[in-house]
Amino acid sequence: MRVLGMNAGRIPAEGAELAPHDSRRLIGLQEMYGIPAHGQTIGDYWRVLQKRKWSVVVSIVVVVVTAALISVRMTPIYDAAARISISQKTSNLLNSKDGDTSQSFGAQQQDIDTEIKIIQSESLAQIVIHRLNLDRRPEFAGVAQAKSSGGITVSESMPQERSRQDALIRKFLKGLKVQQVPTTSLIEIKYSSPDASLATEIANATTRIFIEQNIKTRYDSTMQAADWLSKQLADLQIKVETSQAKLVEYEKENGIVGADDKQNLIVDKLDELNKELTAAQADRIQKESLFQIVKNSQADDVNAIFQDPLLGSLRQQQTELEAQDALLSTQFGPSYPKVLEVRNQLVEVKKAYQEELHNSVARLGNDYQTSVKREEMLQAALKQQTELANQLSENAIQYKVLKQEADSNRQLYDGLLLKLKEGSLAAGLDSSNIRIVDVARVPLHPARPNIPLNLEFATLIGLVGGIAIAFTMEGIDTTVRTPDQAEDVSGLPILGVIPMQSAANAGVIRTAVGLPKAAYRGNLRAEPMISFLEPHSEVAEAYRALRTSILLSSVSHPPRTILVTSSVPQDGKTMTSVNAAIVLAQQGKRILLVDADLRRPSVHKIFGLGGKIGLSNILTGGAKISDAVQATAQPNLFILPAGPVPPHPSELLSSSFMQELLKIFRDEYDHVIIDSPPVISVTDAVLLSVQADAVILIIRSGQTTNALVRRSRDLLLSVNANILGVVVNAADLTSPDYYNYYYGSKYNYYTSRKSSDRGKDSEGSGHDDQRDAVTKTS
């Protein structure tokens, strides 16, 4: 068996005294540091469902059966559906555009939604009821309404008639369902009724009347627009004539030939003068700059500037004559005739050069002055022409205003006249953008109730509800079921887990060995002496694991007096005391089992011993220890029954004589197991806990609540009792709660071994000797 939280790790050194278990400090640390609980996993949730599977099954069965009964008792409802297609609206008299037939998706969807609301309107419902005389038909209005009906009318003078009409309209709209077919421009008109023929008739009539009303509405709208346009055209005609007369009169007064600026001579001349002035300014700037350069330059530089061929020729002659003069003067001297002739020619050339240079400068100055005069004249002409153009612009502004007014009036008149002609043509046509795609046909099978679908849905609801109930029951279950829960709630180590044993064969086993059936808490329960009668069973092995935990709690000084108690009755403290004493005695130690439950003693009944002399007699001085202690079939195990029930058990158990008695038992026996009353029921266990070396608290799996465990722990700790740990009793190893603890080979191992041992017993071996011994003792 699995033992959790055992104190085996706290073995004191040799010669050390047995230290009490510091449970109070452990609880304080847990509360201070908030030791987290075990985290939930998917496997934990699955085990909850396995544990509460019958809640889920019952929930599903109840919901499915209820749904089936309701579905069978429901009145069959038939659905008849017709489909219509809504195309894009054609242009009307007021919003049409030439060549524009497109419509945005949002606008088209809005039109479809509007048509759906129109089909579901009360006015259309009233027309359908009137056309089909539904108020007189028993299958629609009912027998009583049909007999008293005089026909639905539009009049609402009488409140009673109005109330009756409203009731019929509400009933009609209740059975009508209109919806758009997804991703299309189709609308499905469906009507539901217990009468299949009536449903078909109403669906088709609603479709037909809706299309008629749509055509009528479009016709009325067109005619109203045409009337309005006729009135507007008369007013526009007067405006067109008036604006055109004003325009012609203004043209005559201001001499405006045309509205196009290109045809205006003043504007053309202004552009021409502007271009000429720009060219004159450029020419003047060029000549002025050249003139200024020439004035400030040397003669040689001026020649380079002008690049005049005549000046160049004269300059070349001057250079040649200067060269000849220099040559001849060197050869013949200055008085030589040839020299004099050359010098005279040189003078003439220089004179001609200077005169030509002067003339070129003069011509340049004249050109400059001429360009200046031309520029001034062009500026004056441009200014004058600009004034004329400005005057023309002022006149043109008013002209354009008058012309624009006349044109707009003419365009508006022409447009409205065209629309009026189109409207007159459209008014005579029964056109509509709605057409019937499918007519409603008489349904052969009812649409509701859909029993298979209802059962599937009910199964789903039942499953969800069952799961919710299972987790709710699990949430409100405050009992301790697993060792982890016991450890978390109590804050104490887990000494052992005792599996639940079946009570089916308990009486058979005891009768077979010559023992009476145990009157255990008034009912036939599981076998209390299982460790003696079935030593190879799984339960006996669990008690041996508990024995190991007790002995290893302190190796050098294991507890001598051990108090076994529980929170409330029926937690299994007596059974644990008995089997713990048996397995300790099987180690060859002298064990004394003291029945200290002086209120409801039961140990002597389990062993089939007499209970007239016991602990109460010794404490009151009515008997000796040797008279009360009795031997059992289990070697080394002795029983001290409780004896007669005294009037004041608490006073006896808390007496100094009881303390001396325990000291005597410590010296005579290796271990003393004390079976005490429950902690919360009476104070006996609390009083005895301070006299014992260790206290074992029994928790019954699935029965002891968290509050009881905490209360018992606090009562024991309040008197500084040394709580050795807790034992989880009656654990159902087949429960999903113990999946992580006892699933697999270990459980199978003990089960198979138990079966094999029973086979040996049937062959005459195993427990025959023990049974004979018990029989002799009895």
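For this structure, a couple of remarks:
- Among all positions in segment 639-659, there is no residue which is within 19 Å of residue 570 (Cβ to Cβ), buried (at least 22 other Cβ atoms within 10 Å of the Cβ) and either out of contact with any Asp or Glu (no Cβ under 9 Å at 6 or more places or on another chain) or polar (S, T, N, Q) (or both).
- The number of residues in segment 121-139 being open to solvent by less than 10 Å² (accessible area, probe 1.4 Å), at pLDDT below 85 and touching an Asp or Glu at 6+ places or on another chain (Cβ under 8 Å) comes to 0.
- Selection from segment 165-222 of residues that are open to solvent by less than 50 Å² (accessible area, probe 1.4 Å), of a type in the set (Phe, Trp, Tyr) and closer than 29 Å to residue 105 by Cβ: 210
- Restricting segment 529-542 to residues that are within 16 Å of residue 636 (Cβ to Cβ) and outside any loop (DSSP other than H, G, I, E, B), the residue that is modelled with the lowest pLDDT: 531
- Screening residue 663 with (1) touching a helix residue (DSSP H, G or I) at 6+ places or on another chain (Cβ under 9 Å); (2) open to solvent by 50 Å² or more (accessible area, probe 1.4 Å) gives one miss only, at (1).
- The residue list 503, 440, 468, 458 contains one member that is open to solvent by less than 80 Å² (accessible area, probe 1.4 Å), closer than 30 Å to residue 712 by Cα and either modelled with pLDDT of 85 or more or in a loop (DSSP other than H, G, I, E, B) (or both), which is 503.
- Residues that are out of contact with any strand residue (DSSP E or B) (no Cβ under 8 Å at 6 or more places or on another chain) and over 17 Å from residue 564 (Cα atoms), drawn from segment 532-547: 532, 533, 534, 535, 536, 537, 540, 541
- Failed criterion for residue 557 (all others in (1) in contact (Cβ under 8 Å) with a residue 60 or more places away in the chain; (2) touching a strand residue (DSSP E or B) at 6+ places or on another chain (Cβ under 6 Å); (3) part of a loop (DSSP other than H, G, I, E, B) hold): (2)
- Total residues in segment 348-359, condition within 19 Å of residue 319 (Cβ to Cβ) and either touching an Asp or Glu at 6+ places or on another chain (Cβ under 8 Å) or open to solvent by 90 Å² or more (accessible area, probe 1.4 Å) (or both): 5
- Residue within segment 479-487 that is in contact with a helix residue (DSSP H, G or I) (Cβ under 7 Å, 6 or more places away or on another chain), part of a loop (DSSP other than H, G, I, E, B) and open to solvent by 30 Å² or more (accessible area, probe 1.4 Å) present: no
- Within the option set 297, 329, being at pLDDT 75 or above, surrounded by 13 or more Cβ atoms within 10 Å (Cβ to Cβ) and hydroxyl-bearing (Ser, Thr, Tyr) holds for one residue only, 329.
- Selection within segment 613-638 - open to solvent by 40 Å² or more (accessible area, probe 1.4 Å), assigned to a loop (DSSP other than H, G, I, E, B) and either at pLDDT below 90 or hydroxyl-bearing (Ser, Thr, Tyr) (or both): 620, 621, 622
- Matching residues in segment 142-164 - criterion: being modelled with pLDDT of 80 or more and open to solvent by less than 60 Å² (accessible area, probe 1.4 Å): 164
- The set of residues from segment 561-578 being touching a strand residue (DSSP E or B) at 6+ places or on another chain (Cβ under 8 Å) and not hydroxyl-bearing (Ser, Thr, Tyr) comprises 562, 563, 564, 570, 571, 572, 573, 575, 578.
- Subset tally (residues that are open to solvent by less than 50 Å² (accessible area, probe 1.4 Å), farther than 18 Å from residue 406 by Cα, modelled with pLDDT under 75 and of a type outside the set (Val, Ile, Thr)) for segment 255-281: 2
Matching residues to (1) in a helix (DSSP H, G or I); (2) out of contact with any Cys (no Cβ under 6 Å at 6 or more places or on another chain); (3) closer than 17 Å to residue 79 by Cβ; (4) of a type in the set (A, V, I, L, M, F, W, C):
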residue: 170; (1), (2), (3), (4): yes, yes, no, no
residue: 183; (1), (2), (3), (4): no, yes, no, no
residue: 191; (1), (2), (3), (4): no, yes, yes, no
residue: 228; (1), (2), (3), (4): yes, yes, no, yes
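- Only one entry in 566, 577 is modelled with pLDDT of 90 or more, open to solvent by less than 10 Å² (accessible area, probe 1.4 Å), of a type in the set (Gly, Ala, Ser) and touching a helix residue (DSSP H, G or I) at 6+ places or on another chain (Cβ under 7 Å), namely 566.
- Test result for residue 716, open to solvent by 10 Å² or more (accessible area, probe 1.4 Å) and in a helix (DSSP H, G or I): no
- Exactly one residue out of 659, 691 is modelled with pLDDT of 90 or more and either farther than 30 Å from residue 488 by Cα or assigned to a helix (DSSP H, G or I) (or both), and it is 659.
- For the criterion of being among the aliphatic types (A, V, I, L, M) and either assigned to a loop (DSSP other than H, G, I, E, B) or at pLDDT 90 or above (or both), residue 721 passes.
The values are calculated or read from the model by the stated rules, or taken from the named source; none is laboratory data. Note that the structure is a prediction, hence the values are computed from the model and not measured. Quick reminder, even Gly has a Cβ in these numbers, built from the backbone with ideal geometry, and neighbours come from all protein chains shown. Only protein heavy atoms, including side chains, enter the accessible area calculation; ligands, DNA and RNA are left aside. Shrake-Rupley method; radii C 1.70, N 1.55, O 1.52, S 1.80 Å.
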